[in-house]
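One structure below.
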Amino acid sequence: MALDHPVEGDGVDTSPPVADEVKYTTCYMCACRCGIRVYVKDGQIRYIQGNKNHPVNKGVLCAKGSSGIMQHYSPARLQKPLKRVGERGSGEFVEIEWDEAMDLATDWLGTIRKTDPKKLAFFTGRDQSQSLTGWWATNFGTPNFAAHGGFCSVNMAAAGLYSIGGSFWEFGEPDWDNAKYFLMFGVAEDHDSNPIKTGIGKLKARGAKFVSVNPTKTGYSAVADEWVGIRPGTDGLFVFALIHELVKAGKVDLEYLVRYTNAHYLIIQAPGEADDGLFLRDTDGVPLCWDKVKNASAKALDPEVTPALTGEYTVNGKQVIPAFQLMAGRYLDEKYAPEAVAETCGLSAAQIKRIAAELAHVAFEEAIELPIEWTDWAGRTHKTMKGRPIAMHAMRGISAHSNGFHTCRAIHLLQMILGTVEVPGGFRFKPPFPKPIPPNPKPAGKDGGVPGKPLAGAPLGFPTQPEDLLVDDDGNPLRIDKAYSWENPLSSHGLMHMVITNAWKGDPYPVDVLFMYMANMSWNSTMNTKGVMEMLTDKDPATGEYKIPKIIYSDAYASEMVAYADLILPDTTYLERWDCISLLDRPICEADGPADAIRQPVVEPDRDVRAFQTVLLDLGARLGLPGMTNEDGSPKFPGGYPDYIVNHERMPGIGPLAGWRGENGDEHGRGAKNPDQLKKYVENECFWQGHLKPSQKYYKFANRDYLDYAVHMGFIGHADQIVLQIYSEIMQKFRNAARGHGSVKVPEQHRARVEAYFDPMPIWYMPFEEAAVDTKAFPLHALTQRPIYMYHSWGSQNAWLRQIMNQNRLYMHAGTAKDQGIADDDWVWVTSHHGRVKCQVRLIEGVNPQTVWTWNAIGKRKGAWNLKEDAPEATKGFLLNHLISELLPEDKTGAGGGYRYSNSDPVTGQAAWFDLRVKVEKAAADEFGESSPQFPALKRPPNIADSPDILRYGAQFNPERHGGKTVENSVINRQVVGKGAPEVKPMTKPVPKKEGV
Ligand code: SF4
C-alpha cells in the first residue's frame, strides 16, 4: 500500500511522509498472533502499528509487538549456515554454503531413514507451524516428534480435550461481552496478551467482578477486583471446596448436566471385575441411563428420557449408579470442606465460602437470556439462549504442576456443574473447537517406524484405551521421550523436556540425529540446564563419539543452543517470510467465527538465511519423502512454503488456509486449491475470518446449525452431539488395565501409579517434588513467569525491551524475608534438592508468603544472543532452571525399586516446572554483585558484528533533526554482510527417486 504525502500550504510540513509503503502481516513477538501494519521506508522498517480490523487485537499493539523492529534488526541474527569445527559447545564454526548444509543434512537423515527412522528425534520449540512439522515427521517415518506443548501447557490442553472437547488458552475464550464474574487461574501475563488485556478492560467497564487465583499479584492479578494468593499446587483443593459448597447448597445446574454432560450415565459398580467403573451400555454399545418415568434403563442420549441423577439400580444383574451421584458423593466429603482445605491452600475458609456463594449468586440469581432462537442436536427449537454468566480461564500456573491435569479437570467440572461452558456469559469455544472427546486421531508409531516408509498417521494424537499406547509387547516405551507409554499415557504433546536426557542415556534407545527448531534446550527451555549442557557434549569413552552423535539446529538468532549443534540452518525473522497460521494448527479464531492468517515478507533478508519451513520442504524433497516429491522424484513444492500453503491438501478440499478456496476463490473452509489464495489474503490485510450466524454462536457442542457447519468446514467428522464428560470412562479403562484386566498388560513397576492417577473423576494430590523432599529443609515454593513485555528468551535480547528489564530478581514476601534477616537488594543463595543459584532479591507484599518467584529467561549465558559479556542479563540475571531436575528423586516406595520418573504429570507428561521447592539464605557480603552459576562466555558465531554501544535506530529517518547530517544506523549498517538469498527460492534440482528412500 503506497502512502500519499500531504501537501502543506504554508510551507510547514506538519505531516512528513513516515514511510514509502505499509505492509500488513502477523506479529510473532508472542503467541497471540495479532495483525500488524508495518511501515517501510527506504527498505527499512520504520514503525509497527496494530491492525484495527484484525480479529485478534482489533488495533491493539503491545510493547513486544512494537519492538518487533528490534527483533528484526537484532544484533544476534545468524548470517549464514554454520558447520561446527571445534568441540561441541566451544562455539567454533565455519560458514558454509546452503548446498553443503543441505547435502550434510540429507546425508545424515537419509541414512537414518533407510535403516531406522526412529533414530531421528525431531522436536520443535515455540514455532507456529506444527501441522507442517508433524506432517514432515509422519512422512519421514519417525514417531519421535513433538513441539513444546509438553513442557508448556499440555495438562490444560489434555484435561480440556478429554473433558469438554476444547480447552482454555487459544481454543476458547471468556464471553467478554456478557460475563458478570470472571475467575482466572494461574495465568502469566505474556500469554494471550492482547486479547485478555482488552477483555479485562471490557469486564471492568461493565462492572463485572474479576477474581484472580494466583500465588503472585502481578499483571492481571494486580488489576483484579480480588486477588486469591493461593499456595502453589493447591488450586485443585480450592476448586473442590467450591464444588463442595455448591453441591451442598444445591446450586447445581441439573438441567444443563442432563442435557449436555454424561452426569446421568450409569456407571457399573463391580469391584474386581473387568467392567468396574465403565458405562453401562446396551448390546449396540450405547450408554444407558435410568429413566425415572419408565422406571427402567434407557439410552442416555434419547431426547425423550427423564434421567435419574441419583440412586442405585440393578440392570441385567449389574449394580449401577449415575455418574452425578458418584461425583456429588465424592466432593461432599468433609475433607473437601473449606475449613478442611483452607490451611493447605494458604487461604481462609471464609474467603473460599464467600467466593462459592458469589458463584452461586451470579449463576442462579443473575442468569441471562439472549433473544436468539436456536435448534439443538435433537432438533428441538429453543426460543432463547440462556446463560449463567460466569467465565473461567486458566493457563500455565495450573498446568505446570504434576497434579495439573486433574486440577484442570476440576476447573472444568466446576464449569459444568454451574452450566457455564459455551453459554452466554460463560466460557466459549473458538472454532474448530469443540471436537469429539477426545479428538481424533490416535498417535501413530506402534511399529516404531519402518525403514523407508512414512508413519501410518501423525505422531501425536489422543489415546482412548490402553491398546493405543506406543509400547512394545513388554510395555516398554517406543518413543525416545517415552510419550504414550505407561509412564505418561495421555502425553498428547510429547515430553520435550526428556528428549536430551533419554537420548544421552540411550533409554529406551540411542538416536543418531537430534533435529531441533527454535528450542533453547541448553538454557532456559530445559530443566537441569548444566546437566543438559554436559549431556550434549558427553562422549562415549569407547568410541570417542558424542553420545548424541549429530545435532541439527535451526534458529534465527545466536541463542545458547547454537553452540551445541553440529549444523546450523539459519532462519529468517518473522518479517522476512511467508507463514501460515492455520486452522490445522493453532488458529487465531474467535468464538464468533473461525479465522486464519498469513505472514508475508515485509522486507527481503539481507543475510544468507532461509525460512525454516521452506528448508524443511526442501529437505523432504531431497530425501524423497512421499508427501514432498512427485512420482518422477521432483519436488512437489518447488516454491517452498508459500507453494505448500496454497497447494497442500490434508484432505480433499481442506488445506492450510481456509479462506478464498475454490477455482473462483469464492469458497471458504472446503474447496479446491486456488493459485491466487495468498494474493487474496494479502488484499485482505493477511487474514481471513468466517462469521457464525447468531443461532450458531453458543452451545456449539449441541447446536445443530453449528455442528453441521463444523462438518462442512472439516472441523469434525460428524455432526453428533459432543457430550461433556464429568466422568471419564477413558481414564477408567487405563485404571482397569492397571488392575490386571484386558489384553494389554501394565508392567508391574507402573501399576500402582497408573491405578492411582487414572481416576475417572478429578483428584488432588500433593505435587510430586513437595511430597518427595523434606519440606522443612526446602520450605518455600519457587516459580517463574514471563513479564507482559517479553516472551520467552526472544524478548530479553531485544534492544528496546531490555530497557524495561535487564536483570531478574528473586521476588520474596517482605515478611518471610524479614524472618530470615534478608533485606531488599540483598544477594541470596537459593537451593533445591537438585542445585544452587545465587541472585539478588526484591522484597514485595503481593506474593503468597510461602512462595518466591522470578521472571524466566531474562538471565542469559555470557556471550549468547550477541549481548556484551558484561550485560546485566549475563552477570546479574539468573536462571531458576538450574534448580529444577528433569527427574524426580528415586521412588523407593513403589514397585519401581528406585526408578526415577520424569518430573512430570503422571497422566500427560507435562513438565512440572512449578513443583520446585527451595530454601533461601542470605549470601555473604563478599558474594554480593554477581549471579551464580556462571559459565565460560560463548563465542560469537562468524560474521556477526559486535553489538553497538549506543543504539540509534530510527535516527536515520530524521536527518534534519541531526543538523542535516546523515546519521549512521547503528543497528542495520553493521549487520549487512552480503546480499542474502531471496525468501522464496526455487527448490533444489529434482532428486531422482531412490528405492526405499
Ligand atoms: S500480544 Fe503478542 S502478537 Fe499481539 S502485538 Fe503483542 S507481541 Fe504481538
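Relative to the longest principal axis of the Cα atoms of the chain, the long axis of helix 323-332 makes an angle of roughly 80 degrees. A simple spin-label model places pseudo-atoms 7 Å from Cα toward Cβ; at residue 58 and residue 958 they are separated by 3.2 nm. Of the two radii for segment 463-617, the radius of gyration is 1.04 times the Kirkwood radius, both from the alpha carbons; that is the Rg over Rh value. Gyration tensor analysis over the Cα atoms of segment 781-864 returns equivalent ellipsoid semi-axes of 24, 14, 12 Å (largest first, whole Å). Mind checking the angle between helix 193-206 and the chain's longest principal axis? C-alpha axes, 0 to 90 degrees, to the nearest 10. Helix 193-206 and the main axis of the chain meet at about 50 degrees.
Just flag the GluC sites (Glu not before Pro) in segment 289-339 sitting in loop per DSSP whose Cβ has no more than 16 other Cβ atoms within 10 Å.
Values: sites: 304, 312, 334, 339; in loops: 304, 312.
Answer by residue number: 304, 312.
Given the pairs 118/442; 202/435; 335/919; 446/673, which span a C-alpha to C-alpha distance of over 22 angstrom in this model?
Numbers: 118/442 18 Å; 202/435 29 Å; 335/919 30 Å; 446/673 33 Å.
Too far apart for the 22 Å limit: 202/435; 335/919; 446/673.
Note on the chain: dipole from Cβ charges, positive end direction compared against 601, 877, 445; the farthest Cα belongs to 877.
In the chain, helical runs assigned H by DSSP with n ≥ 4 each contribute -39500 (n - 2.57); averaged across all residues and rounded to the nearest 500, the mean residue ellipticity at 222 nm is -6500 deg cm²/dmol.
Between segment 754-814 and segment 257-304, the alpha-carbon centres lie 42 Å apart.
How large is the accessible surface per residue of segment 703-823, computed with a 1.4 Å probe and reported in Å² as a whole number?
Heavy-atom accessible area per residue stands at 36 Å².
Surface calculation, 1.4 Å probe, protein heavy atoms: residue 386 sits at approximately 120 Å² accessible.
Per residue, the accessible area of segment 156-297 comes to 29 Å², computed with a 1.4 Å probe over protein heavy atoms only.
Between their Cα atoms, which of 64/217; 119/862; 80/680; 23/680 are more than 25 Å away from each other? All intermediate terms of the calculation are to be shown ahead of the outcome.
Numbers: 64/217 21 Å; 119/862 33 Å; 80/680 33 Å; 23/680 14 Å.
Long pairs (Cα-Cα over 25 Å): 119/862; 80/680.
The accessible area of residue 741, taken with all protein chains in place and a 1.4 Å probe, comes to roughly 40 Å².
May I ask you to give the solvent-accessible area per residue for segment 439-545, in square angstrom, as obtained with a 1.4 angstrom probe? List each step's numbers first, then the result.
On the way: 3400 Å² over 107 residues.
Here the per-residue accessible area is 32 Å².
Note on the chain: Cα Rg divided by 2.2 N^0.38 Å, N the number of residues, gives 0.92. Accessible surface of segment 9-80, 1.4 Å probe: 51 percent of it comes from carbon and sulfur atoms. Seen against the Cα atoms of the chain and their longest principal axis, helix 612-623 is set at about 90 degrees.
If a/c stays under 1.5 just call it rounded; otherwise compare a/b with b/c (prolate if a/b is bigger, oblate if not). Do that for segment 367-457, with a ≥ b ≥ c from the square roots of the Cα gyration tensor eigenvalues. Show your work: numbers first, answer last.
Numbers: a/c = 3.74, a/b = 1.68, b/c = 2.23.
Note, shape of segment 367-457 comes out oblate.
Full extension of the chain between residue 530 and residue 693 yields a length gain of 53.3 nm, computed as 0.36 nm times the residue separation minus the alpha carbon distance.
State the Kirkwood hydrodynamic radius of segment 16-152 in Å, one decimal place, computed from all pairs of distinct Cα atoms.
Values: mean 1/r = 0.0541 Å⁻¹.
That comes to 18.5 Å for segment 16-152.
Between segment 174-241 and segment 636-695, the alpha-carbon centres lie 36 Å apart. Sorting 826, 302 by accessible area puts them as 302, 826; the probe is 1.4 Å, largest comes first, and only protein heavy atoms count. For segment 92-191, GluC sites (Glu not before Pro) meeting the loop criterion (DSSP other than H, G, I, E, B) and having at most 12 other Cβ atoms within 10 Å: 97. Got a sec? Charge dipole of the chain, +1 on Cβ for Lys and Arg, -1 for Asp and Glu; which of 283, 953, 761 is way out at the positive end? In the chain, that residue is 953. Per-residue surface analysis assigns residue 497 an accessible area of about 10 Å², computed on protein heavy atoms at 1.4 Å probe radius.
Shape index of segment 696-842: Rg/Rh, with Rg the Cα radius of gyration and Rh the Kirkwood radius from the inverse mean 1/r over Cα pairs, equals 1.16.
Just how large is the dipole of the chain about the Cα centre, in debye to the nearest 20, putting +1 at every Lys and Arg Cβ and -1 at every Asp and Glu Cβ?
Working: 109 positive and 121 negative charges, 69 e Å.
With only Lys, Arg, Asp and Glu charged at Cβ, the dipole is about 340 debye.
Split the accessible area of segment 153-283 by element, probe 1.4 Å, and carbon with sulfur accounts for 53%.
In segment 729-773, what percent of the accessible surface is made up of carbon and sulfur (1.4 Å probe, ligands and nucleic acids excluded)? Kindly include the intermediate steps, with their values, before the conclusion.
On the way: 850 of 1620 Å².
Percent of accessible area from carbon and sulfur atoms in segment 729-773: 53.
Whenever you get a sec, line up 775, 314, 501 from highest to lowest accessible area (probe 1.4 Å, protein heavy atoms).
Values: 775 55, 314 80, 501 5 Å².
Ranking 775, 314, 501 by accessible area, largest first, yields 314, 775, 501.
Keeping all protein chains in place and using 1.4 angstrom, which order do 718, 792, 691 fall into by accessible surface area, from largest down? If you can, show how the numbers build up before the last one.
Details: 718 95, 792 10, 691 140 Å².
Per-residue accessible area, sorted high to low, gives 691, 718, 792.
Determine the dipole magnitude for segment 858-947: charges of +1 sit on the beta-carbon of Lys and Arg, -1 on that of Asp and Glu, nothing else is charged, the reference point is the Cα centre, and the result goes in debye to the nearest 20. All intermediate terms of the calculation are to be shown ahead of the outcome.
Numbers: 12 positive and 13 negative charges, 34 e Å.
With Lys and Arg at +1 and Asp and Glu at -1, about 160 debye.
Close amide-amide hydrogen proximity is noted between residue 783 and 852, 853, 854, each under 5 Å apart and 5 or more residues distant or on a separate chain (H modeled in the peptide plane; Pro and chain starts excluded).
Roughly how many debye, to the nearest 20, is the charge dipole of segment 642-739 about its Cα centre, given +1 on each Lys and Arg Cβ, -1 on each Asp and Glu Cβ, and no other charges?
600 debye
The values are calculated or read from the model by the stated rules, or taken from the named source; none is laboratory data. This is a predicted model, so every value here is computed, not measured. Don't worry about glycine lacking a Cβ; one is built from the backbone with ideal geometry, like all the others, and counts go over all protein chains shown. When the accessible area is computed, the model is the full protein with side chains, heavy atoms only, and any ligands, DNA or RNA have been set aside. Shrake-Rupley method; radii C 1.70, N 1.55, O 1.52, S 1.80 Å.
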